[in-house]
Amino acid sequence: MAETSLIAEPGKQDVVISRVFDAPRDLVFKACTDPELISQWWGPKAFTTTVDAMDVRPGGTWRYVQRGAGGEDYGFHGAYHDVTPPERLIYTFEFEPMPGHVALETVTLEDLDGRTKVTDRVVYQTVEDRDGTLQSGMEEGMNETMDRFTELVEEMQKE
């Protein structure tokens, strides 16, 4: 399985995550923007994800709820600023148990002759917010999420 890269330079407010998927860009973009597919890959395996709202257009909003094995719910939400199929998504991201700590994500999808490089640059309001997110287990959760995403796009190609 492909490796996910996470770059978090000391003292900076951003994290850059990238991975190459063995799938065409249109299909990868669909997996990122179809509410029916989000719940199949978004978040670590120990959680289930429900898409509460998802209006993928500039000015549209999204909200996902993750449920842990013990029944605890965690909400996440944001607003889309730019949607340029199949090249780019720009949206905000806020973890509801920590209101006011909003990040801005820019996801770019680069066509590599039938494969797709996805780069997600997450910019936090402060270095402390970024470092707190990293310390909360972000890298482990992100790796599980990207593995699940890979499995989904592989299955989608078989259809």
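Things worth noting here:
- Two-decimal Rg/Rh across the range 1-117, once Rg and the Kirkwood Rh are taken from alpha-carbon atoms: 0.96
- Rg and Dmax of the range 112-159, Cα atoms only, in Å: 14.6, 44
- For the range 119-132, putting each phi into the Karplus relation 6.51 cos²θ - 1.76 cosθ + 1.60 with θ = phi - 60° gives couplings of 10, 10, 9, 10, 10, 9, 5, 9, 4, 5, 4, 4, 5, x Hz, in residue order, rounded to whole numbers and with x for Gly and Pro.
- Extreme residue, positive dipole direction of the chain, given options Pro97, Tyr124, Gly137 (C-beta unit charges): Tyr124
- Using a Gaussian network model of the chain in which every pair of alpha carbons under 10 angstrom is joined by a spring, one finds that among Ala31, Ala103, Ala46 the greatest mean-square fluctuation is at Ala46.
- Distant alpha-carbon pairs in the range 78-144 (separation over 13 angstrom), percent: 70
- Each residue in Leu134, Leu89 was given a count of other beta-carbon atoms within 10 angstrom of its own, and listing them fewest first yields Leu134, Leu89.
- Contour excess over end-to-end distance, with Cα ends at Arg88 and Val123 and 0.36 nm allotted per residue: 11.0 nm
- Inter-centroid distance (Cα atoms) of the range 19-45 relative to the range 49-100, Å: 14
- All distinct Cα pairs of the range 49-108 go into the 1/r average, and the inverse of that average, the Kirkwood radius, is 12.1 Å.
Taken together, the values in this text are just the output of simple stated rules run on the coordinates, not laboratory data. Computed from a predicted structure; not experimentally measured. Because the Cβ atoms are built from the backbone with ideal geometry, glycine has one as well, and the counts that use them run over all protein chains shown.
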